[in-house]
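Undergrad: Handing you this structure, nothing more for now.
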Amino acid sequence: MNLPRPYVRRPWRLAAESSALLIAAAVAFPLYWMVLSAFKPAGEIESDQPRPWTLQPSLDSFRRVFGQQEFGRYFLNSLLVAGTVVLASALIAFLAATAVTRFRFRFRTTLLIMFLVAQMVPVEALTIPLFFLMRDAGQLNTLGSLILPHIAFSLPFAIWMLRGFVKAVPEALEEAARIDGASRARFLWQILFPLVFPGLVATSVFSFISTWNDFLFAKSFIISDTSQSTLPMALLVFYKPDDPDWGGVMAASTVMTVPVLVFFVLVQRRLVSGLGGAVKD
């Protein structure tokens, strides 16, 4: 009679799992400290002996954040900018990825290489040229000065990633749809679009997070009209060099994190399939 052998974890697997837990703890600790500081009373935040817990949680920091007169406007501006960038970049990237994958034209390879090169250029190096461009276009102090650059910076990554999804859809499927009487537009939106939708979700997460957390463009292009500012600029209300309100900063940062978590929860299923790979024949 053969008895089942007890399950013994291999040393390399135990080491890998332990390393993963340590890395996860290191990544999650700043988030934990941010939320903890948001609920700490002012005396504990300014204490010389910080503790990783609090026995007297307080909502005073959140009251100061929501008590700011312009905070709601900043929040709506951030939603408008991030939502527009996500929708516009996803639509343009889908059409562009289909074009560079399904059609043969001159300089197609050169165009794909330019997409890669564009991702290597630091955003900081283009901020000053973009400032003069937005000034000449009359877009300074408008939400358009935030939307247009973020769409431009999101497109190279989105097009390159969606290209793999479009390429994985067999051309025989398009030929079969054409034989059945489907036009190119119908195949594009009713067949190809649903198949590459997980890839669109994955690129949308990247676009949303980079746009939502943007501080550089918001600080550079929104100069005088504070009604056009976004949520990251609200942090400056609580940060003063001589007397910073760290409780307000942490509470505002916590509020900023909530929409990102909600967006991630809503698209997590599609995101996993999108990062896992393209459609198989």
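The values are calculated or read from the model by the stated rules, or taken from the named source; none is laboratory data. Quick caveat, the model's predicted, so the values are computed rather than measured. Note that each Cβ is placed from the backbone with ideal geometry, even for glycine, and that neighbours are counted across all protein chains shown. Keep in mind that these areas ignore ligands, DNA and RNA; they rest on the heavy atoms of the full protein, side chains included. Shrake-Rupley method; radii C 1.70, N 1.55, O 1.52, S 1.80 Å.
Undergrad: Quick one: among ALA176, ALA252, ALA90, which has the greatest mean-square fluctuation in a GNM of the chain with alpha-carbon springs under 10 angstrom?
TA: Between ALA176, ALA252, ALA90, it is ALA176 that shows the largest mean-square fluctuation.
Undergrad: Name the residue farthest towards the positive end of the dipole of the chain from the options VAL255, LEU59, ALA28, assuming +1 on Cβ of Lys and Arg, -1 on Cβ of Asp and Glu, about the Cα centre.
TA: Among VAL255, LEU59, ALA28, the one farthest towards the positive end of the dipole of the chain is ALA28.
Undergrad: Out of SER224, SER19, SER78, any idea which swings most in a Gaussian network model of the chain, alpha carbons joined below 10 Å?
TA: Judging by the Gaussian network model, the answer is SER19.
Undergrad: As I understand it, the dipole of segment 139-281 uses +1 on the Cβ of Lys and Arg and -1 on the Cβ of Asp and Glu, about the Cα centre. Which of LEU148, ALA234, VAL265 lies farthest toward its positive end?
TA: VAL265
Undergrad: Keeping all protein chains in position, work out how much accessible area ARG186 exposes to a 1.4 Å probe, and write it in Å² to the nearest 10.
TA: 130
Undergrad: Only four residue types carry charge here, +1 at the Cβ of Lys and Arg and -1 at the Cβ of Asp and Glu. Report the dipole size of segment 124-253 about the Cα centre in Debye, rounded to the nearest 20. Don't jump to the answer; show the numbers that get you there.
TA: Numbers: 8 positive and 11 negative charges, 80 e Å.
That gives segment 124-253 a dipole magnitude of about 380 debye.
Undergrad: Largest first, please: the extent of the C-alpha atoms of segment 1-160 along each principal axis, to the nearest Å.
TA: So the three principal-axis extents are 68, 66, 27 Å.
Undergrad: Report the accessible area of ASP242, computed with a 1.4 Å probe over the heavy atoms of all protein chains in place, in Å² rounded to the nearest 10.
TA: 140
Undergrad: Not counting the cut sites, what is the longest span of the chain without chymotrypsin sites (Phe, Trp or Tyr not before Pro) that DSSP labels loop and that have at most 12 other Cβ atoms within 10 Å?
TA: 108-281
Undergrad: Between PHE29 and LEU91, what FRET efficiency follows from the Cβ-Cβ distance if R0 is 45 Å, with the result rounded to 0.05?
TA: So, using R0 = 45 Å, E works out to roughly 0.75.
Undergrad: Something else about it: So how exposed is GLU175, as accessible area in Å² (1.4 Å probe, rounded to 10)?
TA: 110
Undergrad: Of the accessible area of segment 12-57, with the probe set at 1.4 angstrom, what percent is carbon plus sulfur?
TA: Carbon and sulfur: 71 percent of the exposed surface of segment 12-57.
Undergrad: Let me ask something else. Reported to two decimal places, what Rg/Rh ratio describes segment 12-57 when computed on Cα atoms with Rh from the Kirkwood expression? Spell out each step's value before the answer.
TA: Numbers: Rg = 14.7 Å, Rh = 12.3 Å.
Reported Rg/Rh, Kirkwood definition of Rh: 1.20.
Undergrad: Just to be sure I understand the model, the point goes 7 Å from the Cα along the line to the Cβ. What's the resulting LEU21 to TYR239 distance in nm?
TA: Once both label points are built, they end up 3.5 nm from each other.
Undergrad: Still on this structure, I have one more. Each label point is 7 Å from the Cα along the Cα-to-Cβ direction; what then is the distance between the points at VAL121 and ASP48, in nm?
TA: Here the modelled spin labels are 5.2 nm apart.
Undergrad: At a threshold of 8 angstrom on Cα-Cα distance, excluding pairs fewer than six apart, so keeping six or more, what relative contact order does the chain reach in percent?
TA: Across the chain, relative contact order equals 30 percent.
Undergrad: Helix-only mean residue ellipticity at 222 nm, the chain, DSSP H runs n ≥ 4 weighted -39,500 (n - 2.57), per residue, nearest 500. What is it?
TA: -23500 deg cm²/dmol
Undergrad: Please compute the modelled spin-label separation between THR226 and PHE264, points set 7 Å along Cα→Cβ, answer in nm with one decimal.
TA: About 3.1 nm, to one decimal.
Undergrad: Could you check which residue among ALA28, ALA234, ALA251 shows the biggest mean-square fluctuation in a GNM of the chain with a 10 Å Cα cutoff?
TA: Checking each option, the largest mean-square fluctuation is seen for ALA28.
Undergrad: In whole Å, largest first, what are the principal axis extents of the Cα atoms in the chain?
TA: 84, 73, 32
Undergrad: ILE209 label point, 7 Å along Cα→Cβ, cut-off 20 Å on backbone N: hits in segment 143-163?
TA: 150-163
Undergrad: Let me spell out the model: positive unit charges on the Cβ of Lys and Arg, negative unit charges on the Cβ of Asp and Glu, origin at the Cα centre of the chain. What dipole size does that give, in debye rounded to 20?
TA: Working: 24 positive and 18 negative charges, 265 e Å.
Roughly 1280 debye for the chain.
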